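First comes the structure, then the notes that go with it.
The values are calculated or read from the model by the stated rules, or taken from the named source; none is laboratory data. This is a predicted model, so every value here is computed, not measured. Cβ placement follows ideal geometry from the backbone for every residue including glycine, while neighbour counts extend to all protein chains displayed.
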């Protein structure tokens with residue numbers, strides 16, 4: 001279980017701001033459906049997703065919340081999940097996570113998911129929206145646009161999207177589409193028009209390097225915090241091309257503009273930490289990583305991320321998608337990993353207890369509240385239900 005002490009106690013009581021996550025599936029799941037969401041990989045014949053660090057962590061840490069013994073077999077876990085029903089399972093796991101605010105990426109819906117409002121209501125929390133810019137661009141293309149009008153149409157649509165009530169940030173999945181080893185300069189109108197013509201003729205997802213560059217510069221023009229997926233993901237990722245240090249020249253060019261939030265980062269958490277240490281606008285989390293390594297390894301990941309990261313630069317996210325289990329596992333792994341790390345430094349007299357408690361509060365939510373302009377937490381534990389925002 002690791003060390004215990006006042007830092008652990010403080011982290012256990014702190015409400016979290018999950019600054020990047022998705023919705024939960026709204027359909028009942030059979031075993032294949034559940035297992036497909038446990039992994040970033042395609043299903044493999046004869047190999048169960050329960051036999052992964054994430055699958056083991058679900059059986060260890062989520063099973064007791066469903067009134068099962070720790071390490072309950074997968075069959076028993078799924079049977080109990082079906083018996084309780086999706087809504088009750090979601091309620092138990094989300095409330096156990098202790099998350100007060102969700103910032104929800106609404107741009108990836110290969111299957112029906114809860115809206116930000118529905119997610120917040122299930123957890124008695126508040127939800128805000130993160131606009132995925134690739135989804136905006138693809139919607140513009142689907143509506144029909146002339147190539148030389150694409151750039152203006154996309155910028156207009158993006159501006160309208162970020163003005164919706166409850167929108168706090170934008171996001172790009174350039175890591176999946178092109179990687180980060182791009183020409184960092186803002187592309188010319190002529191280049192954008194030529195690339196748009198080719199894309200609109202061929203169709204498909206936005207994956208042209210020139211248009212991805214245009215999208216990133218549009219994010220700068222929008223003036224909102226920009227979330228960037230980095231590192232670990234599904235098979236679309238070419239991992240060597242998503243090392244965030246490929247962004248160095250672009251970060252020099254956008255100096256003094258918008259916050260850039262590097263999401264997940266593994267195995268590049270040290271490279272992300274370097275960028276956060278030397279660029280004022282760069283922040284990071286280790287979100288998606290946490291529920292895939294589980295509480296057993298979260299401390300190691302956070303320790304590497306915090307070797308040189310300024311303490312006002314670390315945020316919490318779960319990147320939970322589809323399964324309520326991932327909100328709970330992400331929160332538990334974060335609280336436990338950061339608690340062990342900070343408590344051991346206090347015990348070794350490398351950190352004062354007041355400093356450790358400040359760092360814990362910053363990472364759990366205060367850093368995100370400051371960046372996204374979110375309200376301060378409610379100090380009254382007997383508060384009325386918070387307003388929910390789409």
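Some values worked out for this structure:
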read-out	value
Boolean, residue 196 is surrounded by 19 or more Cβ atoms within 10 Å (Cβ to Cβ), in contact (Cβ under 8 Å) with a residue 24 or more places away in the chain, under 25 Å from residue 285 (Cβ atoms) and assigned by TED's automatic domain parsing to the domain that holds residue 135	no
Total residues in the stretch 44-57, condition surrounded by fewer than 20 Cβ atoms within 10 Å (Cβ to Cβ) and in a loop (DSSP other than H, G, I, E, B)	5
Count of the stretch 29-43 residues which are surrounded by 13 or more Cβ atoms within 10 Å (Cβ to Cβ), in contact (Cβ under 8 Å) with a residue 24 or more places away in the chain and assigned to a loop (DSSP other than H, G, I, E, B)	3
Number of positions in the stretch 222-241 that are within 18 Å of residue 41 (Cβ to Cβ) and modelled with pLDDT of 95 or more	1
Residue within the stretch 20-28 that is closer than 30 Å to residue 344 by Cβ and outside any loop (DSSP other than H, G, I, E, B) present	yes
Residues being crowded, with 24+ Cβ neighbours inside 10 Å and free of Cβ contacts under 8 Å to residues at least 40 places away in the same chain - total across the stretch 327-347	0
Flag for residue 185 being within 21 Å of residue 251 (Cα to Cα), buried (at least 22 other Cβ atoms within 10 Å of the Cβ) and either out of contact with any helix residue (DSSP H, G or I) (no Cβ under 6 Å at 6 or more places or on another chain) or touching a residue at least 40 places away in the same chain (Cβ under 8 Å) (or both)	no
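Quick grid of which residues meet (1) in the same structural domain as residue 205 (by TED's automatic domain parsing); (2) closer than 24 Å to residue 361 by Cα:
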| position | (1), (2) |
| --- | --- |
| 65 | no, no |
| 74 | no, no |
| 78 | no, no |
| 102 | yes, yes |
| 125 | yes, yes |
| 138 | yes, no |
| 147 | yes, no |
